[in-house]
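First the structure, in the form of structure tokens, and then the observations on it.
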Amino acid sequence: MVVVQRKELTLLERLYLPEVVRGLSITFRKFFEKPITRQYPEQPLPKDAVTRGQPRLVVKDDGNIACVACGMCEVACPAYAITIDGGETDRGIEREPKRFDIDMLRCILCGFCEEACPKDAIFMSDELELADFSRAALLYDIEKLKRPKSTLQKRIDYVYKLNNRWRRAP
Ligand code: SF4
Ligand code: SF4
């Protein structure tokens, strides 16, 4: 049988005083350090082209939506968050969505829809805040998703720059 010889504790150790003093000294030191906690929402998150916020639909400069309702993003979405019903338009060969919904409660901001789109019609915006009082309000329809191209331009330029890495020089 192995007998474990325990160290005899001093009076100070039995009172836990060294640990208490050490803990308090750390707390005291931290009082004078620069805080690292972000006071959200008063201090909002920094936003730039890399920010992958909620997906939004591009409205072209002529006022028409860039989406042609091909359904590629709907298929690519791993969260089954997108629902599209396509329809014809008066504009030549163009189609457009009559219904384009994104269930923002399902969306995981993965950006697959942005990557799948062959028409540069959906991009990840820098809109991060998402809150409402009902589940129904977070089912965004086409009107809630539309954004003028200019508001998404930084992200569009960034995605083009990324994709150019894979394009071969002619
Ligand atoms: S960001 Fe991802 S989860 Fe959200 S709608 Fe696009 S593909 Fe679906
Ligand atoms: S992939 Fe692009 S063009 Fe096709 S339905 Fe989605 S947003 Fe529209």
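Checking every one of the trypsin sites (Lys or Arg not before Pro) in region 122-166 against DSSP loop status and a limit of 12 other Cβ atoms within 10 Å picks out R135, R165.
Looking at region 128-170, the pairs of alpha carbons with a distance over 11 Å make up 76% of the total. Using a 1.4 Å probe on the protein heavy atoms, what percent of the accessible area of the chain belongs to carbon and sulfur? The C+S portion of the solvent-accessible surface of the chain is 57 percent. Residue pairs exceeding 22 angstrom between C-alpha atoms, taken from K98/K154; K47/K119; K60/K144: K98/K154; K47/K119. For region 104-116, putting each phi into the Karplus relation 6.51 cos²θ - 1.76 cosθ + 1.60 with θ = phi - 60° gives couplings of 5, 6, 8, 4, 10, 6, 7, x, 4, 4, 4, 6, 7 Hz, in residue order, rounded to whole numbers and with x for Gly and Pro. Taking all protein chains into account, the per residue accessible area for region 55-164 stands at 58 Å² (1.4 Å probe). Given axes a ≥ b ≥ c from the Cα gyration tensor, I'd like to know whether region 9-67 is rounded (a/c under 1.5), prolate (a/b larger than b/c) or oblate. It comes out prolate by the Cα gyration axes. Between D120 and R29, the contour length at 0.36 nm per residue exceeds the alpha carbon distance by 27.5 nm.
Restricting region 2-95 to GluC sites (Glu not before Pro) that sit in a DSSP loop and have at most 15 other Cβ atoms within 10 Å of their own Cβ leaves E8, E33, E42, E94. At the residue level, M104 shows approximately 10 square angstrom of accessible surface with a 1.4 angstrom probe and all protein chains present.
Its Cα centre serving as origin, region 1-78 has a Cβ charge dipole (Lys and Arg +1, Asp and Glu -1) of approximately 440 debye.
Evaluated at q = 0.15, 0.16, 0.17, 0.20 Å⁻¹, a Debye calculation over the C-alpha positions of the chain (equal weights, vacuum) places log10 I(q)/I(0) at -0.91, -1.01, -1.10, -1.36. The solvent-accessible area of S25, taken with every protein chain present and a 1.4 Å probe, is close to 50 Å².
Lys and Arg at +1, Asp and Glu at -1: add these up for the other residues within a Cβ distance under 14 Å of P35 and post the number. Summing Lys and Arg as +1 and Asp and Glu as -1 gives +2.
Placing unit charges on the Cβ atoms only, positive for Lys and Arg and negative for Asp and Glu, gives region 55-164 a dipole magnitude near 140 debye about its Cα centre.
Put a dot 7 Å past the Cα of L15, heading toward its Cβ, do the same for I156, and the two dots end up 7.3 nm apart.
Among the cysteines of the chain, C67, C70, C77, C107, C110, C117 have no other cysteine beta carbon within less than 4.7 Å of their own. Checking every one of the trypsin sites (Lys or Arg not before Pro) in region 60-95 against DSSP loop status and a limit of 16 other Cβ atoms within 10 Å picks out K60, R91. The angle separating the long axis of helix 17-31 from the principal Cα axis of greatest extent in the chain is about 40 degrees.
The values are calculated or read from the model by the stated rules, or taken from the named source; none is laboratory data. Keep in mind it's a predicted model, so treat the numbers as computed, not measured. All Cβ positions, glycine included, derive from the backbone under ideal geometry; neighbour counts span all protein chains shown. Side chains are part of the model used for accessible areas, which takes the heavy atoms of the whole protein and leaves out ligands, DNA and RNA. Shrake-Rupley method; radii C 1.70, N 1.55, O 1.52, S 1.80 Å.
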